[in-house]
Amino acid sequence: MAGGMDLGTGGKGGKKPLDTQINLVPFIDLMAVTISFLIMTAVWTQIGKLQVANSGASAEPSNSPEDKTPPISLLITEKELRLSAGTQNFDPIPVTRGPNNKIELDKLRDKFKELKGQLPDAQAITLQAEDGIRYEDLVRIIDECKGDGLPQVSVAAAMG
Amino acid sequence: MAIEIPGKRWGKRLSHSKVFGHGSHGKKQIYADLLITPLVDMFVIIVLFLIANFSATGEVLMMSHDIQLPEAFNVTEIEMAPVVMVSNTDIVVSGTAIGRVDDLTKDEYLNIPALEEKLREMKKQYEDLHALAKDTEGSFKGDVNIQANKDVQFKVMKRVLYSCATAGYTNLNFAVLQKGSGEGAPSAATGSP
């Protein structure tokens, strides 16, 4: 019964039976091969990217002359976060950490909301990080900036 | 009296025994039908699940045990580009070891000359290849993927970033593990056109 459909062994001139049986063997073979292929080529970890620009070594935030919004920068130190927009300096945010030693960013989120209320067209921010800042903290802050409506993030080293 | 075949004849008690056969239980049927329907159903579900999770981009990054990526929500799909791997001990670019992190933290230079040189070489290769193929659309965009361990200090990272920028790779892509689905992600990892 390899291949094809079993149409019965009807005699000469006799009525062929209406019930036919689909041969599932090649179908199951195809499924097995497909599953093997998909399992072998599967990517189990979902990896994405956070795109940033590099401001170079200088800590001065870049600002084009056509851009009316004042340059926004965030100084990241091990103890506090200092947000500034042009000449306006916001209150420093002390760095607090959660149970997994992850930096807590609720206060920074509130500051960003306040900032976006004042400067709704603002899109760019420059992060100035100190040498001792962990990469994970930097990434979390970049993620927060992108989530709070500042998608153009550039990274620079803090001076001093 | 009925005629019997010559041979051993068990007693009345043993004739019902399973061991000596000829019991009242009879032989079980050898052929058993395999239930195909649930098997096919299971296969279909597995295939659909795997196709739904299929990533056409494949593995852009080579995952390493000594590099634990940080997590982020607002991510976009990672693309093929040179990969700079920064672990707690080593810096590797596309499989080539560049230097040890301990050595790099000692000196006070802003760049990493070996990294810069390697990236310049890769950039030249890319440009030459596309010039030979007369490919005007695939011009050099300056994308580089940074695959760094989450515990690496910015002291090392700033040198890596600076070296990338001076070598012409200005679009820095930090590789992260996607966590949930971000609201601000313009094209999430499910794919962009």
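The values are calculated or read from the model by the stated rules, or taken from the named source; none is laboratory data. The shown structure was predicted, so the numbers you read here are calculated from the model rather than taken from an experiment. Every residue, glycine as well, gets a Cβ built from its backbone with ideal geometry; the counts of neighbours run over all protein chains shown.
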### Query
Of the residues A:Leu119, A:Leu127, A:Leu115, which single one is crowded, with 21+ Cβ neighbours inside 10 Å and at pLDDT below 90?
A:Leu115
### Query
If you check every pair at least six apart or on different chains, which have Cβ atoms under 6 Å apart with a residue in the stretch A:27-38 that is within 7 Å of chain B (Cβ to nearest Cβ) first and a residue that is not β-branched (Val, Ile, Thr) second?
A:Met31/B:Phe43; A:Leu38/B:Leu50
### Query
Looking at (1) farther than 16 Å from B:Phe174 by Cβ; (2) surrounded by 14 or more Cβ atoms within 10 Å (Cβ to Cβ); (3) hydroxyl-bearing (Ser, Thr, Tyr), can you tell me which one A:Tyr135 breaks?
(1)
### Test: B:Thr76 is exposed (fewer than 15 other Cβ atoms within 10 Å of the Cβ), among the polar types (S, T, N, Q) and at pLDDT 85 or above
no
### Query
Quick one: would you say B:Arg120 is out of contact with any Phe, Trp or Tyr (no Cβ under 7 Å at 6 or more places or on another chain) and modelled with pLDDT under 90?
no
### Residues within the stretch B:88-108 that are within 11 Å of another protein chain (Cβ to nearest Cβ) and at pLDDT 85 or above, tallied
1
### Message
For the stretch B:76-106, give me each residue that is aliphatic (A, V, I, L, M) and touching a helix residue (DSSP H, G or I) at 6+ places or on another chain (Cβ under 8 Å).
### Response
B:Val84, B:Val86, B:Ile91, B:Val93, B:Ile98, B:Val101, B:Leu104
